[in-house]
């Protein structure tokens, strides 16, 4: 037997890489669709990227060559940017980012740059908050369905557990006081100390904004329990329809100081500006202890000096940011409408949404059996037979089989039309059978929507109390 040279942390399987969410990406990468060179390839609809407004940013860069060229007022600042920077961040960038966050929230709330901690993307921001607020044997509550990557981001290196707040399609997956309390008590029964609640607003994968009633319920809950609330608001600029986006920062207005130190906001420029490769994220908190601790940890995931300088110039151009945001929302609304209409013509519905880069699609009527095994069979057909990589609801810990997250902003309108035609052809054909999927595509271990680890085989499940 070969000696295992990895540490227990590196070798543990809580990363979630064998989730169907990531497996779908792997299949796409083996056979990516291209209208010219590979027209029968797999279309990537499992990646929430915003590629609709690159031309606007490219036009700004052409008109403002200095920032991208390491220059200020025509003079080179290469050496200044190349040297080590204060890990607290470039002050002009922090100020510009804080102002942009306020703009996206209708300037109803003001963000102070001193309360910002810069991180290498939202992934780093969320993990940093876990390190600051919880540890092994402790848990955060997350409403289902939730972003599959949280199993990696929140748990893998921190040892923190996730306990799902079970939400239902019966009320459009809204968060209720009863669901919060049930999840809290379930965590206690598993001897987990609950340290907080984490939400995505707008929701990933639902594509809906959190209502004021839900936010009030959440704030009341965390105060009553003496715990934290993290609001991941990285899709705040994608709100393209009614109702409008309400930040937890706005919901706190008028409340006493007993709540403000418990609430922390995560933001990034990956979705609103479509810049995931720039790795720009941030934590906003009015809790000085959290800001100090997170700032120390941020040295493990800094944003490059050049990136900060470039984006400080771009975000400080308020005329551009307003034009960009308005046009980007318009394009997202149009592309969302294209997908919804195409799905409707194919006989498929979806949850009514008003934000995000995806739709929460209801394919329950296409399942051979109303089970998660039936969902996985349909997912395999989508990947191999239809040639669409979409994310099954079970990877998002949805407790109702048959829901899928389908992205629409990471491709051209023509490619989206191809995807819709493929889906409609599949449904119209009435085909419901397919040889068993290759073993490597069947989940060997994936988290069950209940939050319990599940060993999945072709014959059933094995569940235990809490994930490891």
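A short reminder: the numbers here are calculations on the coordinates, not readings from a lab. As the structure is a prediction and not an experimental result, all values here were calculated from the model. Using ideal geometry, Cβ is built from the backbone for each residue, glycine included, and neighbour counts are taken over all protein chains shown.
Applying 1/(1 + (r/R0)^6) with R0 = 51 Å to the Cβ-Cβ distance of residue 171 and residue 75, what FRET efficiency is obtained, to the nearest 0.05? Efficiency at R0 = 51 Å is approximately 0.30.
Given a cut-off of under 8 Å on Cα pairs at least six residues apart, what relative contact order in percent is computed for region 68-319? Show your work: numbers first, answer last.
Working: 426 pairs, mean separation 66.9, N = 252.
Once divided by the residue count of region 68-319, the mean separation gives 27 percent.
Counting only DSSP H runs of at least 4 residues, each contributing -39500 (n - 2.57), and dividing by the residue count of the chain, the helix-based mean residue ellipticity at 222 nm comes to -11000 deg cm²/dmol.
Convex hull volume of the C-alpha atoms in the chain, normalised per residue: 165 Å³.
Hey, what did the chain get for relative contact order, percent, Cα under 8 Å, at least 6 apart? Intermediate values should be presented prior to the final figure.
On the way: 858 pairs, mean separation 103.9, N = 468.
With pairs under 8 Å counted, the relative contact order is 22 percent.
If you model region 39-100 as an ellipsoid using its alpha carbon gyration tensor, with each semi-axis the square root of five times an eigenvalue, the axes come out at 32, 17, 14 Å, biggest first. With no solvent and one equal point scatterer per Cα, compute the Debye intensity ratio I(q)/I(0) for region 68-319 at 0.15 Å⁻¹ and report its log10, rounded to two decimals. The calculated log intensity ratios at q = 0.15 Å⁻¹ are -1.04.
Dividing the Cα convex hull volume of region 134-262 by residue count, how many Å³ per residue is that? Provide the component values of the computation, followed by the final result.
Numbers: hull volume 13.7 nm³, N = 129.
In region 134-262, the Cα hull volume divided by residue count equals 106 Å³.
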